[in-house]
Ligand code: SF4
Ligand code: SF4
């Protein structure tokens with residue numbers, strides 16, 4: 001981290017309360033480094049895992065939401081599994097990504113949330129993920145039109161990509177979930 | 001034996017061959033699979049990574065459907081397994097929070113390799129082997145989500161799992177001891193950051209090679225797709241096929257490795273085809 005100068009004035013109490021509600025006890029961290037040392041994607045992070053946990057404990061929401069780290073985290077759960085204090089670090093990353101999207105913060109890794117949104121769009125429409133539709137949507141929105149063309153084609157030739165989506169019957173139940181069921185209570 | 005079955009979206013698409021072999025193996029072992037009617041996507045990683053509420057409610061709907069059947073749920077996909085387990089824990093702790101009046105289902109969510117590695121199932125498989133895998137040196141690859149986080153998955157040995165090893169040993173392959181059994185393949189990062197996928201896959205395949213493996217076996221559809229599809233771009237690897245565990249069992253129990261299964265691989269599965277074309281490898285069938 002190039003700029004580690006932080007001030008209590010920047011502490012987001014709301015963010016800390018949110019972590020508490022989700023049982024993510026970042027205050028329990030004693031900076032042992034096990035989380036960072038086992039992270040498979042750590043080499044690509046701008047804020048390493050133990051730094052992210054400490055910044056979270058200081059309520060430094062802005063720094064975290066603007067980081068590459070939150071998007072590059074693969075949700076592999078290695079950190080949370082090995083943390084001697086059982087801190088739900090992967091859960092912290094989930095909270096940060098969701099907060100960044102809800103607040104409309106420009107993601108440091110724009111393609112990654114576009115992928116997630118393409119995936120979720122597919123589930124919202126059909127109730128199941130439909131790869132071709134999802135990939136098409138992602139490619140158009142990310143502008144990454146040529147990447148993996150050959151791979152996609154060979155998967156298609158091997159019958160691994162369905163031409164048409166499979167739609168579930170109870171689509172309305174899935175629509176309801178996507179319409180924000182539960183969020184009425186602001187959580 | 002009857003089990004509810006949750007295939008999940010991968011097994012309808014990129015891992016269609018996994019689904020086929022799971023169903024075939026279960027049929028051969030007299031296990032009835034009752035596919036959960038009108039199941040929906042569990043949200044995979046994208047839902048829980050960006051929206052907690054959706055990430056929980058999608059798998060919850062599946063659990064409520066499964067509760068009506070009442071049997072244990074067999075789940076071949078590691079990612080679906082983890083999401084269903086997370087939803088199950090949340091429902092049992094506080095159903096009201098999720099607008100569910102009561103959730104008392106006494107059924108379990110079972111990941112495929114822990115199911116197949118049960119002593120009685122393993123014995124049934126062993127008894128049906130008509131052609132063993134000829135000591136094939138193989139790297140058992142678990143990846144992340146059937147194991148981690150153990151507070152969610154209830155995996156008994158999350159750092160040192162043994163289920164895949166016992167299964168492949170029962171069909172005559174030789175599991176190698178290696179370092180990357182539970183390392184991450186990069187999961188869903190593969191689309192947006194193929195460079196990261198290539199690095200992780202390169203590390204994994206090189207580790208398997210170092211240990212002397214000529215093939216890998218997994219029980220996760222994402223691991224299978226990533227490790228096969230990302231190899232061509234990585235120097236020094238590219239010839240390590242990744243089999244689904246049920247694909248190997250099916251081959252050993254039927255004595256054939258059908259060409260439609262072979263064709264599903266992005267890395268040519270020559271090591272296995274070789275075993276099945278060699279006529280010397282016959283073993284006595286069940287008495
Ligand atoms: S493993 Fe846990 S206690 Fe150790 S540095 Fe990471 S978060 Fe802190
Ligand atoms: S969950 Fe994310 S931060 Fe934790 S080890 Fe995996 S990739 Fe790293």
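The values are calculated or read from the model by the stated rules, or taken from the named source; none is laboratory data. Small disclaimer: the values here were computed from a predicted structure and weren't measured. Every residue, glycine as well, gets a Cβ built from its backbone with ideal geometry; the counts of neighbours run over all protein chains shown.
Of the residues screened, residue B:75 is not one that is touching a residue at least 60 places away in the same chain (Cβ under 8 Å), farther than 27 Å from residue A:172 by Cβ and away from chain A (no Cβ under 11 Å).
The residues of the stretch B:224-268 that are closer than 18 Å to residue A:160 by Cβ and part of a loop (DSSP other than H, G, I, E, B), listed by number, are B:241, B:258, B:264, B:265, B:266, B:267, B:268. Only one of the listed residues (A:108, A:57, A:80, A:90) is within 16 Å of ligand 1 (Cβ to nearest atom) and more than 20 Å from residue B:52 (Cβ to Cβ). That residue is A:57. Say whether the condition of being at the interface with chain B (Cβ under 7 Å from one of its Cβ atoms) and more than 16 Å from ligand 2 (Cβ to nearest atom) is met by at least one residue in the stretch A:93-101. Among the residues of the stretch A:93-101, at least one is at the interface with chain B (Cβ under 7 Å from one of its Cβ atoms) and more than 16 Å from ligand 2 (Cβ to nearest atom), which makes the answer yes.
When residues in the stretch A:1-41 are screened for being part of a loop (DSSP other than H, G, I, E, B) and in contact with a helix residue (DSSP H, G or I) (Cβ under 7 Å, 6 or more places away or on another chain), 10 of them pass.
Selection over the stretch A:52-92 of residues that are within 8 Å of chain B (Cβ to nearest Cβ), more than 7 Å from ligand 2 (Cβ to nearest atom), more than 23 Å from residue B:192 (Cα to Cα) and part of a helix (DSSP H, G or I) gives a count of 1. Apart from one condition, residue A:101 fits all of (1) surrounded by fewer than 22 Cβ atoms within 10 Å (Cβ to Cβ); (2) within 16 Å of ligand 1 (Cβ to nearest atom); (3) within 11 Å of the chain's Cα centre (by Cα); the exception is (2).
From the list B:140, B:144, the lone residue that is at pLDDT 95 or above and in a loop (DSSP other than H, G, I, E, B) is B:144.
Evaluate the stretch A:133-150: report whether one residue or more is in contact (Cβ under 8 Å) with a residue 60 or more places away in the chain and touching a helix residue (DSSP H, G or I) at 6+ places or on another chain (Cβ under 7 Å). No, the stretch A:133-150 contains no residue that is in contact (Cβ under 8 Å) with a residue 60 or more places away in the chain and touching a helix residue (DSSP H, G or I) at 6+ places or on another chain (Cβ under 7 Å).
Within the stretch B:27-50, the set of residues being over 16 Å from residue B:79 (Cα atoms) and without any contact (Cβ under 8 Å) to a residue 12 or more places away in the chain comprises B:27 only.
Among the residues of the stretch A:149-169, is any surrounded by fewer than 16 Cβ atoms within 10 Å (Cβ to Cβ), modelled with pLDDT of 90 or more and within 7 Å of chain B (Cβ to nearest Cβ)? Yes, there is a match, as at least one residue in the stretch A:149-169 is surrounded by fewer than 16 Cβ atoms within 10 Å (Cβ to Cβ), modelled with pLDDT of 90 or more and within 7 Å of chain B (Cβ to nearest Cβ). Of the residues making up the stretch A:23-45, those that are within 14 Å of chain B (Cβ to nearest Cβ) and either closer than 19 Å to residue A:68 by Cα or modelled with pLDDT under 95 (or both) are A:35, A:37, A:38, A:39, A:40, A:41, A:42, A:43, A:44, A:45.
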